[in-house]
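Following: one structure in structure tokens, then a few remarks.
The values are calculated or read from the model by the stated rules, or taken from the named source; none is laboratory data. On a predicted model such as this, the values are computed, not experimentally measured, just so you know. Here the Cβ is made from the backbone with ideal geometry for all residues, glycine too, and neighbour counts use every protein chain on show. All accessible areas refer to the heavy atoms of the entire protein, side chains included, with ligands and DNA or RNA removed. Shrake-Rupley method; radii C 1.70, N 1.55, O 1.52, S 1.80 Å.
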Number of protein chains: 4
Amino acid sequence: MHGYSGDKQAYLKRLRRIEGQIRGLHRMVDEDAYCIDVLTQVSAATRALQAVALGLLEDHIAHCVAHAVSEGGPAADEKIKEASAAIARLVRS
Amino acid sequence: MHGYSGDKQAYLKRLRRIEGQIRGLHRMVDEDAYCIDVLTQVSAATRALQAVALGLLEDHIAHCVAHAVSEGGPAADEKIKEASAAIARLVRS
Amino acid sequence: MHGYSGDKQAYLKRLRRIEGQIRGLHRMVDEDAYCIDVLTQVSAATRALQAVALGLLEDHIAHCVAHAVSEGGPAADEKIKEASAAIARLVRS
Amino acid sequence: MHGYSGDKQAYLKRLRRIEGQIRGLHRMVDEDAYCIDVLTQVSAATRALQAVALGLLEDHIAHCVAHAVSEGGPAADEKIKEASAAIARLVRS
């Protein structure tokens, strides 16, 4: 069981939709769509991916991190360090 | 013809690879992968999408914007405003 | 007492340095520095600000959120929602 | 003369305001403000810095890049590469 397990079906649906957005981008480039229109769709797909990441992160903090923290000890510190590193990767990507 | 036309096949290949990354994310969530591992892959896909966007933008400036600028007039101003708006969307997404 | 209290002096020093970076940007513009050189310094200041934010966030999760979680109840949920909203603002800025 | 020369006074004013925001952050940390409130102000300052960068970039494309492009030759290619690298640094910061 993971933080996102309760919403698993919703995440799977969102990822399917993003896969469709990427396929749509492929089609746009293949059909020589105007650069700026392609870029607008790239921004939309990027935002959709980030929204998935933010959701996963909130679920992760609310479940895995919270669980480790309530048990205490070095495992809690490790979970917090690990989550912080994931946040940093997200902010910088 | 667009800015990216010369590299069209390379862009199509990169978008196919990103589509594969998203399908991989779907599989990870479906198989209950660890949240942080899913997040790491989301960051990788986001960076790959941004790299495509930066490439398209450079091609667009080097071709469409440069062409409009060398012709001059209000069309040049319009192209610059349009490219700037696309850059802003990219920076904020 | 807050999450960052233990490192307060270090944060104050980093913010002073960022203030100096912004003053440096002011001077560059005032002395008509080349646009790209100004932009490079803006990126450096932005990254320094984000590094401060990531540090504050980690301290916040490790102290305030962890404390609320170990006490449990609705206050814990609230702290997690609040931290997630701050992460989202950071990712989108 | 640079791309931003026409708006120089406005840029100087915006940078002064951002310097004030950073000083405000220093004061908040010094007075032990709540972490999330500090983070909200960091996000605001980051967005203000990015808005300055996007303005400088638009001015740069509309003047320096456009000028080089209308003259043509290898200097034009160089300016476009340089601007693209600045956009990439901005997107990744």
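Can you pull out the residues in the range A:69-80 that are over 24 Å from residue C:92 (Cβ atoms) and buried (at least 20 other Cβ atoms within 10 Å of the Cβ)?
Here is the first cut: in the range A:69-80, the residues over 24 Å from residue C:92 (Cβ atoms) are A:69-79.
Answer for the range A:69-80, where residues must be over 24 Å from residue C:92 (Cβ atoms) and buried (at least 20 other Cβ atoms within 10 Å of the Cβ): A:69, A:76, A:79.
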Mind checking whether some residue in the range C:45-68 is open to solvent by 10 Å² or more (accessible area, probe 1.4 Å), free of Cβ contacts under 8 Å to residues at least 12 places away in the same chain and not in a helix (DSSP H, G or I)? no
Going through (1) of a type in the set (D, E, K, R); (2) over 25 Å from residue B:90 (Cα atoms); (3) assigned to a helix (DSSP H, G or I) one by one, residue C:37 fails only at (2)
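Take residue B:3 and decide whether it is at the interface with chain A (Cβ under 7 Å from one of its Cβ atoms) and touching a residue at least 24 places away in the same chain (Cβ under 8 Å). Reasoning before the result, please.
Numbers: at the interface with chain A (Cβ under 7 Å from one of its Cβ atoms): yes; touching a residue at least 24 places away in the same chain (Cβ under 8 Å): yes.
For residue B:3, the condition - at the interface with chain A (Cβ under 7 Å from one of its Cβ atoms) and touching a residue at least 24 places away in the same chain (Cβ under 8 Å) - is met.
Quick grid of which residues meet (1) over 22 Å from residue A:47 (Cα atoms); (2) β-branched (Val, Ile, Thr); (3) away from chain B (no Cβ under 12 Å); (4) touching a Cys at 6+ places or on another chain (Cβ under 9 Å):
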{"site": "D:19", "(1), (2), (3), (4)": "yes, no, yes, no"}
{"site": "D:24", "(1), (2), (3), (4)": "yes, no, yes, no"}
{"site": "D:38", "(1), (2), (3), (4)": "yes, yes, yes, no"}
{"site": "D:47", "(1), (2), (3), (4)": "no, no, no, no"}
{"site": "D:65", "(1), (2), (3), (4)": "yes, yes, no, no"}
{"site": "D:69", "(1), (2), (3), (4)": "yes, yes, no, no"}
{"site": "D:80", "(1), (2), (3), (4)": "yes, yes, no, no"}
{"site": "D:87", "(1), (2), (3), (4)": "no, yes, no, no"}
{"site": "D:93", "(1), (2), (3), (4)": "no, no, no, no"}
Taking the range A:81-90 and keeping only residues that are open to solvent by less than 10 Å² (accessible area, probe 1.4 Å) and modelled with pLDDT under 95, one is left with A:90
